[in-house]
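Take a look at the structure below.
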Amino acid sequence: MSLRHPLRSAVALLATPVVVGAMALTASPAGASTAVHGATGTTTCGPKTVTPHAAPGKGKTETFTVDSAGTVTLLQKSNTALKVTNTDAAAGWKVNVVTAGVSTRPHVGFQQVGAPANQERFWARMNTSGTPGTVINVIVQSCT
């Protein structure tokens with residue numbers, strides 16, 4: 001028996017959990033709740049809700065309320081791009097602008113102070129079907 005066969009078995013043994021884990025992550029439907037495991041426990045997120053809003057127009061801003069966590073102000077840069085220009089966390093919440101520059105999908109996260117599993121997640125994107133640049137789709141997801 002050569003050294004080559006035990007090494008192949010070891011590689012196959014180590015690769016199997018990685019492939020199966022990746023398949024499980026990619027198989028969940030878009031609207032399903034998700035659980036995230038971190039150092040402080042598990043955070044479970046509900047489905048994402050999508051709400052269309054009339055776009056303010058190129059060079060103009062609009063402010064969106066993110067449940068009870070705070071607000072996000074977006075600047076419409078073009079028919080496809082937005083920029084977060086301001087955020088305001090409500091009392092007892094902190095904010096993290098994940099996508100700070102001009103983006104096709106800006107992302108902002110709010111986290112309750114003292115309860116890190118309580119989160120509100122905000123994304124926005126311009127509608128690119130129909131009449132591009134006329135609708136902003138706002139996506140919000142609540143986590144506990």
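Mean projection of the Cα convex hull over all viewing directions, computed for the stretch 31-143: 6.9 nm². Sequence-ordered 3J(HN,Hα) estimates for the stretch 85-97 from the Karplus curve with 6.51, -1.76 and 1.60 and θ = phi - 60° stand at 9, 7, 9, 9, 7, 5, 4, x, 10, 10, 10, 9, 7 Hz, glycine and proline given as x. Assuming R0 = 22 Å, can you tell me the calculated FRET efficiency for the pair Thr65 and Val98, based on Cβ-Cβ distance, to the nearest 0.05? The pair Thr65/Val98 has a calculated efficiency of 0.75. For the stretch 31-143, the number of Lys pairs with C-alpha atoms closer than 12 Å, counting only pairs eight or more positions apart or on separate chains, is 4. Taking Lys and Arg as +1 and Asp and Glu as -1, the other residues whose beta-carbon sits under 14 Å from that of Pro56 total +3. Taken one residue at a time, the phi angles of the stretch 110-124 give Karplus couplings (6.51, -1.76, 1.60, θ = phi - 60°) of 10, 9, 6, 5, x, 9, x, 6, 7, 9, 10, 10, 10, 10, 9 Hz. Gly and Pro are set to x. Cβ-Cβ distance of Thr44 and Thr73, R₀ of 30 Å, FRET efficiency by 1/(1 + (r/R0)^6): the value works out to about 0.55.
Since every read-out is calculated from the coordinates, none of them should be taken as a lab result. A quick note: this is a predicted structure, and the numbers were derived from the prediction, not measured. No Cβ is skipped: glycine too gets one built from the backbone with ideal geometry, and neighbour counts run over all protein chains shown.
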